[in-house]
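The values are calculated or read from the model by the stated rules, or taken from the named source; none is laboratory data. This is a predicted model, so every value here is computed, not measured. Surface accessibility is based on the protein's heavy atoms, side chains included, excluding ligands, DNA and RNA. Shrake-Rupley method; radii C 1.70, N 1.55, O 1.52, S 1.80 Å.
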Amino acid sequence: MSGKMSKKVKFMIYVACTLWIVVFAQIAVTRIFVRQTDVTQAFARNQLVVEEGSSDMREICRKGGWIMGKIPGRLSTEERRKIADNIFGYEGGTRLSEYSERGYYVAYGFTSGIQLIKKVNGKTINMNIAVTYDENEDKTIVYFGVPIYNGDF
């Protein structure tokens with residue numbers, strides 16, 4: 001009887017190990033998929049039309065750079081925050097800090113999926129979003145930068 005128990009135990013260990021391998025493989029594939037679908041989808045889901053910058057987000061996330069999009073109308077601070085969280089979320093990251101002053105909104109985030117990093121106010125960041133409003137066009141402008149957006153807005 002102990003021989004049958006031994007076979008059952010070995011089989012259960014084999015099944016458990018196989019399931020763990022599948023879980024780790026799924027995590028790896030998900031991370032790759034998130035990187036490949038990147039921020040471009042986040043821009044599209046937030047109805048942002050890409051206007052300038054590189055449209056190859058994989059290249060931006062690998063080498064650094066920025067992309068700019070516009071959305072009709074003036075967004076509230078809460079709407080700006082939601083866009084920042086959505087865009088950061090597509091890279092598997094999260095918002096670490098934000099600043100809103102005189103119509104400008106800036107958010108900093110971090111993800112382990114991007115290797116480029118900067119220190120801002122003592123925090124390690126690698127994603128940056130800057131949002132402003134253009135009265136002439138009646139459009140909100142969103143800049144996404146890796147690791148940081150250094151342009152005027």
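The table that follows gives values for the structure above.
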read-out: Heavy-atom SASA rank of F110, F11 (probe 1.4 Å, accessible area, largest first); value: F11, F110
read-out: Surface share of carbon and sulfur [accessible, 1.4 angstrom probe, percent] for the stretch 67-153; value: 45 percent
read-out: Computed over the stretch 95-153, Cα set: Rg, Dmax in Å; value: 12.3, 38
read-out: Lysine-lysine proximity count for the stretch 60-153, Cα under 24 Å, sequence distance 8 or more or distinct chains; value: 9
